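Report on the following structure.
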């Protein structure tokens, strides 16, 4: 009876609390979207994002051009609109206090470079004029024009980025920012770190090929250090994948596409709101199936699902959630190898073995029986029973609560599980498993919990501070044809961080400053290795890596009358040693354990500086930018030779701390909207990247980084229904390592840079007030160039076409 009374009391309290919440006067922002002549625009996309990034929502204007956002948290908001055939509006700032009903009309422009809002530079929303760092936003419109199937392909035209895919679809993908390494660019999904705890460097590189376009709204790219805000791996920059926030009226699309290499792609998405617009949602699924690939024998399949929601629990509290799932399978080729009469040292000109001889080699002809000619390397050879499969599960929750107009509290959690399996059988050329299949499994689990306080001190200053806890686990499993060679590794590490950021602006917003600091603390667990007999690191105690302190300062001054912004950004970065770098091993029953890892590795450290100028003119039809950048890697982790007499683990080779190098150069870009419906973006990057220690005797130039890279992307609406696109990326030659099976060492090869071109077009046929079908076609490598990415073959001219139904 007593229990029943308590339940009744609790129920009454909940009912009263719910009634109180619903009775509160909600915060709303509404207005009308108009064209340059003042006429209303129905069907325009209106985007709203709060300064603290707690609320992000979109809606469509109604028949009268009106829009309305309700159930908002108190705070400052950035508001903008866009429509087919017109550029976006100017970004407006709206101050929404508790119980307020704000109104703001939006006016679209005929021809201008689109204004943008970014959340990646500081973790909070900023307009183009306010950002003091190098940021590029790949908008949803650009993503649609490009018609790329993967996230990384959509980054090809971003200044300062070098995107490399080794081979055709399903090949390993890398992102190099400003001449730095793969592990120096952090990848985020909606601001949460996305990486593989079981990868060699613990970064996202092992998973990039699985990131297909599913439910993506835009991609934001920060160049320059971001470690004090985003933690490990952000030494050189950040790629932040922003998913569709949903909200507003129900809308969606279904896409079907097919073409060269046996390609089929399907994608479907929907977004909108429910429960009286208290719940905004979006969801998408995608499937990419390349049935044949290069040579007709390299399939690749990837299926993904993605979703996001924002629920207004009350007028002061919102709950946001996001999920991402991926499942993939691809064939793996062997690595390129050196061949021919090579010089003893120095750089080797890359000349591939002919296709006819490569086919003979793949058919079993030994190297001694090949007609090598002047070839200096064998491209990636087909390995008919070498496969990769991967699964990714990522889920995140954030609870945002505001105590009045000025203070907000955010509690968030992300769980990330990754699994990669490599299965190699006895078929193929070169060294192959004997007597059965060899399977390498890599499982990673990362739990991240964060608590943050957002404090707005009037209109001109905001402070963000918080605590982060992260636990990661690496489980490796090797299954060999001989069971005695089987082994496993199970390792867990934890780290904690304290962080703070102060942003303020003066002189009516013309002068911007931001400073941030992050302290990272590590704890280290001893590994569990099986078989345990003679396992390294057993019964040893390890000291935790030293605390990493990172800081970041940026500032900008905007001359509004002249359209000129001067900016500077300086800070340092770090990368935590991965679990594999600490405890990596290889086991065989004949040799026993070979230890690669060093449990006491120190974090990598770096310092970066950049200074730039942004200039707009011709009534904002032209936006130009130039940036000088300089990054020094002070302490890095490399894999190299070790003196076993001085190494505490008796290693002959493995991971160790050493000095890194420098990467410096200049980025320039320009965006032009000369006439209505035409936009041209061009970029040029010069990069001078050098290592402190020679990679091979006499070679200090950083691998896979061309000195020069130029890109241009032109998109034009010939009519309101017809759109055309042309883009090209041209790079100078670069160096890359190729393994020499004679000397058992890597040699430095010089490869010609790519001259990659893309052309496409679409026709949009309206079917009703809010529905249409879009027919499109796209051609890749329009110059039909035959080139190699670090020795891996790439497709020549390919074409795809399809249709998309929009509602």
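Remarks
- Residue within the stretch 471-491 that is assigned by TED's automatic domain parsing to the domain that holds residue 576, farther than 30 Å from residue 332 by Cβ and surrounded by 15 or more Cβ atoms within 10 Å (Cβ to Cβ) present: yes
- Evaluating residue 729 against the criteria (1) modelled with pLDDT of 95 or more; (2) more than 25 Å from the chain's Cα centre (by Cα); (3) crowded, with 17+ Cβ neighbours inside 10 Å leaves one unmet condition, (2).
- Of all residues in the stretch 52-62 being at pLDDT 90 or above and not in a strand (DSSP E or B), the one that is surrounded by the most Cβ atoms within 10 Å (Cβ to Cβ): 61
- Filter result for residue 624 (in the same structural domain as residue 676 (by TED's automatic domain parsing), over 23 Å from residue 184 (Cα atoms) and either surrounded by fewer than 18 Cβ atoms within 10 Å (Cβ to Cβ) or at pLDDT 95 or above (or both)): yes
- In the stretch 98-114, the residue that is modelled with the lowest pLDDT out of those that are crowded, with 20+ Cβ neighbours inside 10 Å and closer than 20 Å to residue 51 by Cα is 114.
- Contact map, the stretch 140-154: residues that are more than 12 Å from residue 220 (Cα to Cα) paired with residues that are modelled with pLDDT under 90 and assigned to a loop (DSSP other than H, G, I, E, B), Cβ distance under 9 Å, separation 6+ or inter-chain. Pairs shown: 141/114.
- Of the candidates 309, 324, the single residue that is at pLDDT 95 or above and either surrounded by fewer than 22 Cβ atoms within 10 Å (Cβ to Cβ) or part of a loop (DSSP other than H, G, I, E, B) (or both) is 309.
- Total residues in the stretch 277-296 satisfying the condition of being touching a residue at least 40 places away in the same chain (Cβ under 8 Å) and more than 10 Å from residue 308 (Cα to Cα): the figure is 9.
- Residue match in the stretch 339-346 (condition: assigned to a strand (DSSP E or B) and either closer than 22 Å to residue 368 by Cα or touching a strand residue (DSSP E or B) at 6+ places or on another chain (Cβ under 6 Å) (or both)): no
- Hey, residue 219 at pLDDT 95 or above, outside the structural domain of residue 800 (by TED's automatic domain parsing), surrounded by 22 or more Cβ atoms within 10 Å (Cβ to Cβ) and in a strand (DSSP E or B) or not: yes
- Checked against the criterion of being assigned by TED's automatic domain parsing to the domain that holds residue 393, outside any strand (DSSP E or B) and on the phi < 0 side of the Ramachandran plot, the stretch 498-513 has at least one qualifying residue.
- Subset of the stretch 734-745 [more than 15 Å from residue 334 (Cβ to Cβ) and more than 28 Å from the chain's Cα centre (by Cα)]: 742, 743, 744, 745
- Qualifying residue in the stretch 124-135 (condition: part of a helix (DSSP H, G or I), modelled with pLDDT under 95 and surrounded by fewer than 24 Cβ atoms within 10 Å (Cβ to Cβ)): no
Per-residue answers, yes or no, for (1) more than 13 Å from the chain's Cα centre (by Cα); (2) crowded, with 22+ Cβ neighbours inside 10 Å:
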position	(1), (2)
229	yes, yes
239	no, yes
254	yes, no
268	yes, no
283	yes, no
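- Top-ranked residue in the stretch 138-163 [being farther than 28 Å from residue 308 by Cα and out of contact with any helix residue (DSSP H, G or I) (no Cβ under 9 Å at 6 or more places or on another chain); ranked as surrounded by the most Cβ atoms within 10 Å (Cβ to Cβ)]: 160
- Matching residues in the stretch 753-781 - criterion: being surrounded by 16 or more Cβ atoms within 10 Å (Cβ to Cβ) and either not in a strand (DSSP E or B) or not assigned by TED's automatic domain parsing to the domain that holds residue 710 (or both): 753, 754, 781
- Residue that is farthest from the chain's Cα centre (by Cα), among those in the stretch 515-524 that are at pLDDT below 95 and crowded, with 16+ Cβ neighbours inside 10 Å: 524
- Scan of the stretch 518-535 for residues that are in contact (Cβ under 8 Å) with a residue 60 or more places away in the chain and farther than 21 Å from residue 576 by Cβ, ordered by number: 529
- Hey, residue 245 within 21 Å of the chain's Cα centre (by Cα), assigned by TED's automatic domain parsing to the domain that holds residue 663 and part of a loop (DSSP other than H, G, I, E, B) or not: yes
- Filtering the stretch 529-541 to residues that are in contact with a strand residue (DSSP E or B) (Cβ under 8 Å, 6 or more places away or on another chain) and surrounded by fewer than 16 Cβ atoms within 10 Å (Cβ to Cβ) leaves 530, 531, 534, 538.
- Qualifying residue in the stretch 353-363 (condition: in contact with a strand residue (DSSP E or B) (Cβ under 6 Å, 6 or more places away or on another chain), part of a strand (DSSP E or B) and outside the structural domain of residue 189 (by TED's automatic domain parsing)): no
- Candidate set from the stretch 553-583 (those that are assigned to a loop (DSSP other than H, G, I, E, B) and touching a strand residue (DSSP E or B) at 6+ places or on another chain (Cβ under 7 Å)); member that is surrounded by the most Cβ atoms within 10 Å (Cβ to Cβ): 577
- Residue under evaluation residue 663, criteria (1) surrounded by fewer than 17 Cβ atoms within 10 Å (Cβ to Cβ); (2) in contact with a strand residue (DSSP E or B) (Cβ under 6 Å, 6 or more places away or on another chain), criterion not met: (1)
The values are calculated or read from the model by the stated rules, or taken from the named source; none is laboratory data. Keep in mind that this is a model prediction, so the values were computed, not measured. In this analysis, Cβ positions are derived from the backbone assuming ideal geometry, glycine residues included, and neighbour counts consider all displayed protein chains.
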